Amino acid sequence: MSFTIFFISQRFPARLKIFYKTFGIIGHRCSAMGVPGLAFRRLADVRFLWVRYALGILLLIGLMLGGHQIHLQSLREGVTDAATIDISGRQRMLSQRLTAFAHKLNDPVQRPAYAAATHEALDLFETSHGLLLARQAAFPSAADVYAVGAPDGLDARSRAFVADMRMALQLAPGDPRFFELLARLDSTAFAPLLRQLDAAVKAITADAEARLGRLGQLQALLLELSLGLLVFEALLIFWPAQRAVNQAMRTAKDRAADLAHRNRDLQALSDRLEYSALHDPLTGLANRKKLYAELERRLQRSAPCGPTCVMHVDLDRFKEINDTLGHAVGDMVLKRAAEAMKSKLHKDDLVARVGGDEFVIVVDLESADPLAQAQRIAEGVIARIREPMLIDENSCTVGASVGYALIGTDRTMPERIVADADIALYEAKRDGKGKAKCFTPRMRNGVERRHALIQDLQRALDANEFVAYLQPKIAFSDGRITGFEALTRWLHPARGVLPPADFLDLAEEIGATDLIDRQAALGGVDALAAMRARGWQRPTLALNASAKALRGSDYAADLRMAMAMRSLAPGDIRIEVVEHTLISDTGDKAIATLRALTADGFRIDIDDFGTGYASLSMLSKLDLAGVKIDRELVGDIENDRSRQVIAAIVGLAKGLNLEIIAEGVETQRQFAQLRALGCDTAQGFGVGKPMSREDALAWLDQHGNQPVVDLTTLEAKSA
């Protein structure tokens, strides 16, 4: 406001003085007039500032409306003047064009083409001339140029020019009068007519500028009055109040700034708390809470872009890295795996960490072939995670298994869809890890059955329902019985006798394999004691020992106690361990247990030899008694490659003075070929099926003193 007052005082000093003097005279006159003077004095009272404000606003509105009308008038005049100037300038151009057309009309060849154009241009020239004559009253200077009625005026010359052009249209080409007419047109168009047309344009332009100047001055005057009125209102009304308002605004601004600063701090704290509540602190990925919130949001979308897929990712071999290289390296592996998953997805997809090495991915698929797209994404994630990672000079390689499920049209709850993906992950890991599986309803049925079976497992352990079934072994040399293998069976009260394939995986999940093996082993030892009580001294008993059981602190002690309580010797027992149990180094507790058992006189056999990962150096460090050739190799003995592998195993075992046991022998031809290759002991359905304790004792009573099979006519038996 102060700048406005200064500007007006410098730009219009004389007029500002007039305003002050005028208001002073009005106030003096009104004070001497009684009631009107009283009314004016009331206007000076601060209680009636609103009256002054209203009067000032009304006056300002009147001045603004007047200025607006003048502005509109200026626009209208400007449009008319511009059109008139344009018409006047066009006359000059038309005169030159018509003169050029006149020369073309004298040419018989070009005349037909230019006659129509000449008529059109001549009509336009006459029409424009009439418009200019009609508007000459608004342009006094132009009226002097046109000089209507004067022989030398622009009006007379234009009419003569039009008459000559019409005559040119009537004369035939080659007419002698045509040349005189052209000469007259040239002198009229390029000399007096052009000069007068130029003068008319200048005169019209000058009159238009003068008129617009007058309107501008009037508009400027109204603007000055408006500015003066604004200054007056500012001095009497706004300035006193403005100081208080400014002070109040400064106070409010300071308080607002302080409040905004506090709000920013609170918002930053809220954002940090919200981020911490919704994200994993190690990887920065979403956590379980944000995962379910995002799934809920996507489920509530009315028109999703396409099917939504939920993938459950579990890292393979991560525990080995954590145990061998430490948790710091394990944390870096988790971060790298998180980055690997995000690199295979779009920015709108979600990756969440829901467990130690478990992740969930939420991705929107295209509608065309969502299952194929989901499989490609899952396999891409697996391949990306499988790439070697170099962390602190350690090369780390982990794998991943993925189970995924699609949200169907029934708008499944978030917990249900994540559970479906978890079920599919379980199936992928059961199928060998490093794979991707899509959820199917059949999988859920299997999980429900497994859950019921797990509950039965807990009950069965308490009820001692796991027993030893005994499968006989015979010598290839004479066909006589050499021993039995104790195989675990579950005497289920409703489902009957269940083999290990129906419950072993579930037992490993709940950590009950060692308890089950212990029950079966005790049952086998009891059966062997019963055989000894009947006078049978020849059969030995093979017990299967898991890696977990061997790593237990009391396995060897418990076995010694069980043997002593039944008056059995260590030589009566053979401990069978699967080949991958021997992967660990010599510091493994399982290796130490095996060495202790060997020192006590127990014999150790490697089970499923030829299909696992045992190293030759480990075989040389353990005092083994024998190796058992896996049933898959025996069943494929007709294949030359398998037969060569069996021959190599036999040669290796003979070199180490180990007994060679072939399991899975079912046919006469297999028996004959294995005997020819040098195997020592046969076991399989062709020899005898696994039997209960009572059946095994009866079978031993029947076949114990004679060859079980005829070496020439071995009869195959079915499972």
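The values are calculated or read from the model by the stated rules, or taken from the named source; none is laboratory data. This is a predicted model, so every value here is computed, not measured. Ideal geometry is used to build each Cβ from the backbone, glycine not excepted, and the neighbour counts take in all protein chains shown. Keep in mind that these areas ignore ligands, DNA and RNA; they rest on the heavy atoms of the full protein, side chains included. Shrake-Rupley method; radii C 1.70, N 1.55, O 1.52, S 1.80 Å.
Condition check ((1) among the acidic types (Asp, Glu); (2) at pLDDT 80 or above; (3) more than 20 Å from LEU154 (Cα to Cα)) across all residues:
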residue	(1), (2), (3)
ASP81	yes, no, no
ARG92	no, no, no
SER95	no, no, no
THR99	no, no, no
LYS104	no, no, yes
PRO108	no, yes, yes
ARG111	no, yes, yes
TYR114	no, yes, yes
ALA117	no, yes, yes
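Here is a check on your reading of the model: is ARG184 farther than 22 Å from LEU105 by Cβ, basic (Lys, Arg) and open to solvent by 70 Å² or more (accessible area, probe 1.4 Å)?
On the way: farther than 22 Å from LEU105 by Cβ: no; basic (Lys, Arg): yes; open to solvent by 70 Å² or more (accessible area, probe 1.4 Å): yes.
No, not satisfied.
Which of the residues that make up the range 432-480 are under 23 Å from ALA512 (Cα atoms), assigned to a loop (DSSP other than H, G, I, E, B) and over 38 Å from the mean Cα position of the chain (by Cα)?
Across the range 432-480, the qualifying residues are ASN464, GLU465.
For the subset of the range 70-107 comprising residues that are out of contact with any helix residue (DSSP H, G or I) (no Cβ under 7 Å at 6 or more places or on another chain), under 30 Å from GLY174 (Cα atoms) and in a helix (DSSP H, G or I), which member is most open to solvent (accessible area, probe 1.4 Å)?
Among residues in the range 70-107 that are out of contact with any helix residue (DSSP H, G or I) (no Cβ under 7 Å at 6 or more places or on another chain), under 30 Å from GLY174 (Cα atoms) and in a helix (DSSP H, G or I), the one most open to solvent (accessible area, probe 1.4 Å) is MET93.
Of everything in the range 454-484, what is more than 30 Å from THR681 (Cβ to Cβ), among the aliphatic types (A, V, I, L, M) and open to solvent by 10 Å² or more (accessible area, probe 1.4 Å)? Give them in sequence order.
Hits for the range 454-484 are ILE454, LEU461, ALA463.
Among the residues that make up the range 233-255, is at least one of them within 30 Å of GLY78 (Cβ to Cβ), at pLDDT 75 or above and either open to solvent by less than 60 Å² (accessible area, probe 1.4 Å) or in contact with a Gly (Cβ under 6 Å, 6 or more places away or on another chain) (or both)?
no
Which residues, counting only those in the range 114-142, are surrounded by 20 or more Cβ atoms within 10 Å (Cβ to Cβ) and either in a loop (DSSP other than H, G, I, E, B) or free of Cβ contacts under 8 Å to residues at least 24 places away in the same chain (or both)?
Scanning the range 114-142 gives GLN136, PHE139.
Output yes when any residue across the range 269-292 is open to solvent by 20 Å² or more (accessible area, probe 1.4 Å), in contact (Cβ under 8 Å) with a residue 12 or more places away in the chain and touching a Gly at 6+ places or on another chain (Cβ under 7 Å), and no when none is.
no
I'm told LEU515 meets every condition in (1) closer than 23 Å to LYS628 by Cβ; (2) in contact (Cβ under 8 Å) with a residue 24 or more places away in the chain; (3) not basic (Lys, Arg) except one. Can you identify the failing condition by its number?
It is condition (1) that LEU515 fails.
Based on this model, can you work out whether LEU390 counts as farther than 22 Å from LEU506 by Cα, among the aliphatic types (A, V, I, L, M) and either touching a His at 6+ places or on another chain (Cβ under 8 Å) or not in a loop (DSSP other than H, G, I, E, B) (or both)?
So LEU390 passes the test.
Out of (1) touching a strand residue (DSSP E or B) at 6+ places or on another chain (Cβ under 7 Å); (2) modelled with pLDDT of 85 or more, what's the single condition that is false for GLN644?
Just one mismatch for GLN644, condition (1).
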